[in-house]
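Here's the structure we're looking at; comments come further down.
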Amino acid sequence: MKLLFIYGHPAAGKYTIAKEVAKLSGWALFHNHLIVDAVAAVFEFGSKEFVKLREKFWLDTFEAAKIANKSLIFTFAPEPSVSDGFIELIRTKYANETIFVQILVSEEIQEHRISNNDRADFGKLRDKELLISLRSSFESAMSKMPKPTLIVDSETMNAELAAKKILEHIDN
């Protein structure tokens with residue numbers, strides 16, 4: 001099992017790139033909002049119950065994939081409601097399986113993309129003013145992420161090219 005852990009700021013292009021990686025690799029795409037949206041239907045985002053259940057679903061899925069030897073792609077936007085120990089647990093428990101890839105985007109492009117209609121398909125952040133007000137908390141959460149083994153700039157290459165670069169990196 002390989003766990004491709006794609007992370008970056010909101011509207012960086014994580015999901016778009018991950019879809020291409022899944023298409024090219026055949027790996028399962030377990031994107032962040034599958035669980036976030038399901039849990040948010042019952043518990044308020046960021047509540048104690050929400051955080052606990054969201055992370056349990058994430059971890060249970062990773063563990064089941066490991067047992068089944070099924071590789072998967074996980075998209076993740078570091079933000080303050082994620083418990084302090086979650087990333088460290090991934091780093092230690094799945095150290096041999098995890099490939100951390102960071103997707104970069106400038107603030108200007110991020111602000112342009114944030115209101116795109118396709119972001120409404122999942123309960124993604126779509127409010128530019130809210131994005132700007134949360135920017136420092138996103139930066140703080142991002143600073144706690146492990147060093148990626150690959151950084152992809154979503155402004156300099158399209159999703160297909162980014163996916164090919166990621167898969168080439170994994171194969172080396």
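The values are calculated or read from the model by the stated rules, or taken from the named source; none is laboratory data. Just so it is clear, the structure is predicted and the values come from calculations on it, not from any experiment. Cβ atoms come from the backbone with ideal geometry, glycine included; neighbour counts cover every protein chain shown.
Within segment 77-88, how many residues are surrounded by fewer than 17 Cβ atoms within 10 Å (Cβ to Cβ) and either modelled with pLDDT of 95 or more or not in a helix (DSSP H, G or I) (or both)?
Residues meeting the conditions: 5.
Can you tell me which residues in segment 21-30 are in contact with a Lys or Arg (Cβ under 8 Å, 6 or more places away or on another chain) and either of a type in the set (Phe, Trp, Tyr) or buried (at least 20 other Cβ atoms within 10 Å of the Cβ) (or both)? Quick ask: steps written out before the conclusion?
So in segment 21-30, the residues in contact with a Lys or Arg (Cβ under 8 Å, 6 or more places away or on another chain) come out as 24, 27-29.
Passing the criteria: only Trp27.
Determine, yes or no, whether Phe74 is of a type in the set (Phe, Trp, Tyr) and part of a helix (DSSP H, G or I).
Details: of a type in the set (Phe, Trp, Tyr): yes; part of a helix (DSSP H, G or I): no.
Considered against the rule, which asks whether it is of a type in the set (Phe, Trp, Tyr) and part of a helix (DSSP H, G or I), Phe74 comes out as no.
Name the single residue that is modelled with the highest pLDDT among those in segment 124-172 being exposed (fewer than 14 other Cβ atoms within 10 Å of the Cβ) and of a type in the set (Gly, Ala, Ser).
The qualifying residue modelled with the highest pLDDT is Ser143.
Looking at (1) within 25 Å of Thr156 (Cα to Cα); (2) in contact with a Lys or Arg (Cβ under 9 Å, 6 or more places away or on another chain); (3) exposed (fewer than 14 other Cβ atoms within 10 Å of the Cβ), which is the one condition that is false for Ser106?
(2)
Only one of these is touching a residue at least 12 places away in the same chain (Cβ under 8 Å), under 20 Å from Glu160 (Cβ atoms), within 15 Å of the chain's Cα centre (by Cα) and outside any helix (DSSP H, G or I): Ile6, Ile17. Name it. Give the derivation first.
Working: Ile17 fails: outside any helix (DSSP H, G or I).
Going through Ile6, Ile17 in turn, the sole match is Ile6.
Please pick out the residue among Ser47, Ser25 that is modelled with pLDDT of 95 or more, over 30 Å from Asp171 (Cβ atoms) and polar (S, T, N, Q).
Working: Ser25 fails: over 30 Å from Asp171 (Cβ atoms).
None of the other options fit; the residue is Ser47.
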